[in-house]
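The values are calculated or read from the model by the stated rules, or taken from the named source; none is laboratory data. The structure presented is a predicted model; accordingly, all values stated were derived computationally and were not measured. Glycine also receives a Cβ, built like all others from the backbone with ideal geometry; neighbour counts cover every protein chain displayed.
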Amino acid sequence: MSRFRLLPTAEQEARLLEHCAHARFIWNLAVEQHAHWRPGRPSAPGYVEQARQLTEIRAEHAWLREGSVTVQQQALRDFAKAVTNFFSGTHGRPTWRKAAVHQGFRQVAVRPEHIQRLNRHNGRVWVPKVGWVRFRWSRPPKDDIKSYRVTRDRAGRWHVAFAAIPDPIPAPGTGRTAGIDRGVAVSAALSTGELLSCPRLSDNERKRLLRLERRLARACRGSNRRMTTKRAIARLKAKESARRRDWTEKLSTDLARRFDTIRVEDLRIKNMTRSAKGTVKAPGRRVRQKAGLNRGILAQGWGVLVSRLEHKAPGRVEKVRAAYTSQQCSVCGQIAPESRKSQAVFQCVACNHRCNADVNAAKNIAAGRAVTARRGRASAQPANREPQLTTSAVRRKS
């Protein structure tokens, strides 16, 4: 999907916001119809029935009739797709959309003449009921575009994303395999020894963000000062998100071009970043520390990196069990928690092999070793090596 910066005028921005409001209103109506559905009850209306109801609503309300019918119908199609994904088990249940969070709509049946280039830096796209809207021509969009989505982020910036399936990156054919260990201190450690970090805000930007958050806490709700401060915070957060997205795109493209097979840990990021506050009867412990860890994990772009790798190198990305990959020696296969001396140092207690802990885990991931026991099982040892004695067994023999 090609994403470009949209440059609407003030009048066009008002019309775009109306399209966003109409699409959000139709989506929330569909959510309300499905909210009370339970197994065993009559089925909720599908897209065809909802489209018929949309025609009746547009006939009754002039403010809805002034909007684009294709934008509103596409909101129903998106909801129908979300319901299908929910029942297939790949996504969660569709939820309500909020005005301050979800600002966007989709337009379909795009013809080639609807996208034109004006000059070296600018192009324009045709939006129903709005007209020609300029956008920043950063790269040529694909030719087989069937739809596009217009969105507005919290920083007040408009974007247009043209939906197109990119061609996969061909394998280099060298037979090389890479293992990627994802972490917080080091965002991605490769089995080749490379240590890569996701770009974050600079020190001055973090200080400014802290000042803005303190100013926001003192501002009165509904005041212009609060709105201005929230917009400044959103701009900083958007800048950090753009850097993370750019880093994952470049890294995934580089890995897909260099390696034939890419192995990563099979992590459940949603479960790993779950809150530790617990319940009223069983409150959690060290909740603030766990919240900080969750923010650190989400700021590394773990899930985006793997998803983009699967898009660019389909069939060449393999997931390996993450159990004990950081405790296993990549040379002799010994598994012992004592080998992990610190966050960055790994020194095997059996063969005395010493290296970076994240690189050692990445090498285990690249080898595809599936560890099924904590210590001493043969399944955790390489096939061409004899089983190694654990430290506890050495003490017993001595």
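Could we say that GLU32 is farther than 30 Å from GLY123 by Cα, of a type in the set (Asp, Glu), under 28 Å from the mean Cα position of the chain (by Cα) and not assigned by TED's automatic domain parsing to the domain that holds ALA242 here? Explain how you work it out, then say what you get.
Working: farther than 30 Å from GLY123 by Cα: yes; of a type in the set (Asp, Glu): yes; under 28 Å from the mean Cα position of the chain (by Cα): yes; not assigned by TED's automatic domain parsing to the domain that holds ALA242: yes.
Yes, satisfied.
Residues that are in a loop (DSSP other than H, G, I, E, B), closer than 30 Å to LEU255 by Cα and assigned by TED's automatic domain parsing to the domain that holds PHE79: does the stretch 124-138 have at least one? If you could, list the steps in order and put the result at the bottom.
Of the residues in the stretch 124-138, the ones in a loop (DSSP other than H, G, I, E, B) are 128-130, 137-138.
Now drop any that are not closer than 30 Å to LEU255 by Cα, which leaves 137-138.
When the remaining residues are screened for being assigned by TED's automatic domain parsing to the domain that holds PHE79, the result is 137-138.
Scanning the stretch 124-138 turns up at least one residue that is in a loop (DSSP other than H, G, I, E, B), closer than 30 Å to LEU255 by Cα and assigned by TED's automatic domain parsing to the domain that holds PHE79.
Output the residue which, of all residues in the stretch 298-311 that are more than 17 Å from ARG243 (Cβ to Cβ) and touching a residue at least 12 places away in the same chain (Cβ under 8 Å), is surrounded by the fewest Cβ atoms within 10 Å (Cβ to Cβ). Don't jump to the end; show me each part of the working.
Step one: of the stretch 298-311, the residues more than 17 Å from ARG243 (Cβ to Cβ) are 306-307, 309-311.
When the remaining residues are screened for being touching a residue at least 12 places away in the same chain (Cβ under 8 Å), the result is 306, 309, 311.
Values: VAL306: 22, LEU309: 22, HIS311: 16.
Out of the qualifying residues, it is HIS311.
Can you tell me which residues in the stretch 234-260 are of a type in the set (S, T, N, Q), surrounded by fewer than 20 Cβ atoms within 10 Å (Cβ to Cβ) and touching a residue at least 24 places away in the same chain (Cβ under 8 Å)? Don't jump to the end; show me each part of the working.
First pass over the stretch 234-260, keeping only residues of a type in the set (S, T, N, Q): 241, 248, 252-253.
Still in the running and surrounded by fewer than 20 Cβ atoms within 10 Å (Cβ to Cβ): 241, 253.
Residue satisfying the conditions is THR253 alone.
Here is a check on your reading of the model: is HIS22 in a helix (DSSP H, G or I) and touching a Gly at 6+ places or on another chain (Cβ under 9 Å)? First the steps, then the outcome.
Numbers: in a helix (DSSP H, G or I): yes; touching a Gly at 6+ places or on another chain (Cβ under 9 Å): yes.
In short, yes.
For SER88, state whether it is polar (S, T, N, Q), modelled with pLDDT under 95 and over 23 Å from TYR148 (Cβ atoms). Step through it out loud before you land on a result.
Working: polar (S, T, N, Q): yes; modelled with pLDDT under 95: yes; over 23 Å from TYR148 (Cβ atoms): yes.
In short, yes.
Kindly provide the set of residues from the stretch 96-111 that are under 12 Å from TYR148 (Cβ atoms) and touching a helix residue (DSSP H, G or I) at 6+ places or on another chain (Cβ under 9 Å), ordered by number.
Matches in the stretch 96-111: GLY104, PHE105, ARG106, GLN107, VAL108, ALA109.
Just one of ARG274, ARG288 is assigned by TED's automatic domain parsing to the domain that holds CYS198, in a loop (DSSP other than H, G, I, E, B), exposed (fewer than 13 other Cβ atoms within 10 Å of the Cβ) and of a type in the set (Lys, Arg); which is it? Outline the logic, then answer.
Numbers: ARG288 fails: in a loop (DSSP other than H, G, I, E, B).
It is ARG274.
Only residues that are surrounded by fewer than 19 Cβ atoms within 10 Å (Cβ to Cβ) and within 24 Å of VAL69 (Cα to Cα): list them for the stretch 29-40, please. Even if it seems obvious, please write down each step before you answer.
We begin by selecting, within the stretch 29-40, every residue surrounded by fewer than 19 Cβ atoms within 10 Å (Cβ to Cβ); these are 29, 31-40.
Answer for the stretch 29-40, where residues must be surrounded by fewer than 19 Cβ atoms within 10 Å (Cβ to Cβ) and within 24 Å of VAL69 (Cα to Cα): LEU29, VAL31, GLU32, GLN33, HIS34.
Being surrounded by 13 or more Cβ atoms within 10 Å (Cβ to Cβ), under 30 Å from SER2 (Cα atoms) and of a type in the set (Ser, Thr, Tyr) is the requirement here; does SER187 meet it?
Values: surrounded by 13 or more Cβ atoms within 10 Å (Cβ to Cβ): yes; under 30 Å from SER2 (Cα atoms): yes; of a type in the set (Ser, Thr, Tyr): yes.
Yes.
Residue-wise test of (1) at pLDDT below 90; (2) outside the structural domain of GLY193 (by TED's automatic domain parsing); (3) on the phi < 0 side of the Ramachandran plot.
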residue	(1), (2), (3)
LYS312	no, no, yes
GLN347	no, yes, yes
ASN352	no, yes, no
ALA362	no, yes, yes
VAL371	yes, yes, yes
PRO382	yes, yes, yes
SER392	yes, yes, yes
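Could you pull out the residue among ARG52, ARG97 that is surrounded by fewer than 16 Cβ atoms within 10 Å (Cβ to Cβ) and in the same structural domain as ARG154 (by TED's automatic domain parsing)? Even if it seems obvious, please write down each step before you answer.
Numbers: ARG97 fails: surrounded by fewer than 16 Cβ atoms within 10 Å (Cβ to Cβ).
When all the criteria are applied, what remains is ARG52.
Going by what's in this entry, would THR84 be described as touching a strand residue (DSSP E or B) at 6+ places or on another chain (Cβ under 8 Å), surrounded by fewer than 19 Cβ atoms within 10 Å (Cβ to Cβ) and either free of Cβ contacts under 8 Å to residues at least 12 places away in the same chain or assigned to a helix (DSSP H, G or I) (or both)?
Working: touching a strand residue (DSSP E or B) at 6+ places or on another chain (Cβ under 8 Å): no; surrounded by fewer than 19 Cβ atoms within 10 Å (Cβ to Cβ): yes; either free of Cβ contacts under 8 Å to residues at least 12 places away in the same chain or assigned to a helix (DSSP H, G or I) (or both): yes.
So THR84 does not fit the description; no.
Quick grid of which residues meet (1) among the aromatic types (Phe, Trp, Tyr); (2) modelled with pLDDT of 90 or more:
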site: GLU66; (1), (2): no, yes
site: GLN73; (1), (2): no, yes
site: ALA80; (1), (2): no, yes
site: THR84; (1), (2): no, yes
site: PHE105; (1), (2): yes, yes
site: ALA109; (1), (2): no, no
site: ASN119; (1), (2): no, yes
site: ASN122; (1), (2): no, yes
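Do you know which of the residues in the stretch 154-184 that are buried (at least 17 other Cβ atoms within 10 Å of the Cβ) and not small (Gly, Ala, Ser) is farthest from GLN72 (Cα to Cα)?
Result: THR177.
Identify, by number, the condition in (1) free of Cβ contacts under 8 Å to residues at least 60 places away in the same chain; (2) assigned to a loop (DSSP other than H, G, I, E, B); (3) not polar (S, T, N, Q) that PRO314 doesn't meet.
So the condition that PRO314 fails would be (1).
Show the residue pairs that are 6+ apart or on different chains and have beta-carbon atoms under 9 Å apart, the first residue being within the stretch 275-296 and without any contact (Cβ under 8 Å) to a residue 12 or more places away in the chain, the second being assigned to a loop (DSSP other than H, G, I, E, B) and hydrophobic (A, V, I, L, M, F, W, C).
GLY284/ALA276; ARG285/ALA276; ARG286/ALA276; GLN289/ALA276
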